[in-house]
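Here is the structure we will look at, set down as structure tokens.
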Amino acid sequence: MVEVTDAELAQAKQRWEAERAERPIPASVRFDVASERVILDFTNGASFIFPARALQGLEEATVAELAEVELLGETGLHWESLDADYAISGLMNGVFGTRSFMEAQRRGGQSRSPAKAAASRANGAKGGRPKKAGDAP
């Protein structure tokens, strides 16, 4: 077993505190009702803002549930009633859910619901999409 002296321990603690002071540390988090975005503020004055409903598991949450967001130490966000936890580093890297969830989010409007399929068939029978005001003849 390696013995660590009190002086070495004090030096290591000073190095850790100096490194910590140089990086942004999450200071507070809140949910903005008007924009439905989560706002994460850091000790260096920076903020990270993202749409709450873009996170997997929060898409159908109520405004009251979304407002329950809290910091999990310095590394995560937590919604107690939704049983949802997210790593801040992952969110800042654009990871808002599982790979399959993220791929489905990217496809977005490409889904083919029965209503879209019926509208497409109806428009096709009429010669295509109806012209919008301002479309060239």
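Assorted remarks:
- Accessible carbon and sulfur surface of the chain relative to its total accessible area, %, 1.4 Å: 53
- CD proxy at 222 nm, helix term only [per DSSP H run n ≥ 4: -39500 (n - 2.57); per residue of the chain; nearest 500]: -10000 deg cm²/dmol
- Placed amide H near Gly76: partners under 5 Å, 5+ positions off or other chain: Ile88
- Divide the volume of the convex hull around the Cα atoms of the stretch 14-134 by the residue count and you get 172 Å³ per residue.
- Karplus 3J(HN,Hα) series, Hz, for the stretch 12-24 with 6.51 cos²θ - 1.76 cosθ + 1.60 (x for Gly, Pro): 4, 5, 5, 4, 4, 5, 5, 5, 5, 5, 8, 10, x
- For the chain, the longest principal axis of the Cα atoms and the long axis of helix 114-125 meet at an angle of about 40 degrees.
- Table column - 3J(HN,Hα) (Hz), the stretch 88-102, Karplus curve with 6.51, -1.76, 1.60, x for Gly and Pro: 4, 4, x, 4, 5, 9, x, 8, 10, x, 5, 4, 5, 5, 5
- Listed residues Ala21, Ala46, Ala125, most fluctuating in the chain (Gaussian network, C-alpha, under 10 Å): Ala125
- Probe 1.4 Å, protein heavy atoms only - accessible area per residue of the stretch 11-73 in square angstrom: 62
The values are calculated or read from the model by the stated rules, or taken from the named source; none is laboratory data. Source: prediction; values computed, not measured. SASA here: full protein model, heavy atoms, side chains in, ligands and nucleic acids out. Shrake-Rupley method; radii C 1.70, N 1.55, O 1.52, S 1.80 Å.
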